[in-house]
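Asks: Before anything else, here's the structure in question.
The values are calculated or read from the model by the stated rules, or taken from the named source; none is laboratory data. Computed from a prediction, not measured in an experiment: that's the story for all the values here. Positions of Cβ are generated from backbone atoms using ideal geometry, with glycine treated the same way; all protein chains shown enter the neighbour counts. Ligands, DNA and RNA are stripped out before the accessible areas are found, and what is left, the full protein with its side chains, is counted by its heavy atoms. Shrake-Rupley method; radii C 1.70, N 1.55, O 1.52, S 1.80 Å.
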Amino acid sequence: MNTRVNKWTEEKDLQRLLALAYVKDYCTQKGFSLEKLKAQRFGLSYSECGFFQPSDVIPLGLTNDQDTMPKATLIIKNENGELIICETEYTKEYL
């Protein structure tokens, strides 16, 4: 396996684990399922990261592209050096 790819994968796995640890108490307090969150996709972009529910819509090329996009369920934002947990319109539905 390419060492560069392996390091990137390990870094992403670590970031995911840190994010899960950060939202654990929040999910417990709000009654959200940490197990469901663990099963979701994780994404990191600049000053925020989040968990995304994969779509169960079968892609039909560009005709239903928007419908196949994963839905953000919980976002962690870095605002002025402070981490903020944000819910989305899909949080309660999927967690």
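Asks: Report every pair of residues separated by at least 6 positions or lying on different chains whose Cβ atoms are under 9 Å apart, first residue within segment 33-61 and more than 13 Å from ALA19 (Cα to Cα) and open to solvent by less than 40 Å² (accessible area, probe 1.4 Å), second among the acidic types (Asp, Glu) and part of a helix (DSSP H, G or I).
Replies: Qualifying pairs under 9 Å: SER55/ASP67.
Asks: Taking into account only those residues within segment 1-32 that are farther than 19 Å from GLU87 by Cα and of a type in the set (Val, Ile, Thr), which is surrounded by the fewest Cβ atoms within 10 Å (Cβ to Cβ)?
Replies: Result: THR3.
Asks: For the chain, list the helices (runs of 4 or more DSSP H) that sit wholly inside it and hold at least 2 residues that are among the β-branched types (Val, Ile, Thr) and touching a Lys or Arg at 6+ places or on another chain (Cβ under 6 Å); which are they?
Replies: It comes to none.
Asks: Restricting attention to segment 15-23, does a residue exist that is free of Cβ contacts under 8 Å to residues at least 40 places away in the same chain and of a type in the set (Val, Ile, Thr)?
Replies: No, there is no match, as no residue in segment 15-23 is free of Cβ contacts under 8 Å to residues at least 40 places away in the same chain and of a type in the set (Val, Ile, Thr).
Asks: Out of everything in segment 62-83 that is of a type in the set (Val, Ile, Thr) and either modelled with pLDDT of 95 or more or open to solvent by 50 Å² or more (accessible area, probe 1.4 Å) (or both), what residue ends up being nearest to LEU14 (Cα to Cα)? Show your work before the answer.
Replies: Here is the first cut: in segment 62-83, the residues of a type in the set (Val, Ile, Thr) are 63, 68, 73, 75-76.
From the residues that got through so far, the ones that are either modelled with pLDDT of 95 or more or open to solvent by 50 Å² or more (accessible area, probe 1.4 Å) (or both) too are 63, 73, 75-76.
Working: THR63: 36, THR73: 20, ILE75: 17, ILE76: 15 Å.
So, considering only residues that are of a type in the set (Val, Ile, Thr) and either modelled with pLDDT of 95 or more or open to solvent by 50 Å² or more (accessible area, probe 1.4 Å) (or both), the one nearest to LEU14 (Cα to Cα) is ILE76.
Asks: All but one of (1) farther than 17 Å from LEU14 by Cα; (2) in contact with a Leu (Cβ under 7 Å, 6 or more places away or on another chain); (3) crowded, with 17+ Cβ neighbours inside 10 Å hold for TYR94, so report the exception by its number.
Replies: (2)
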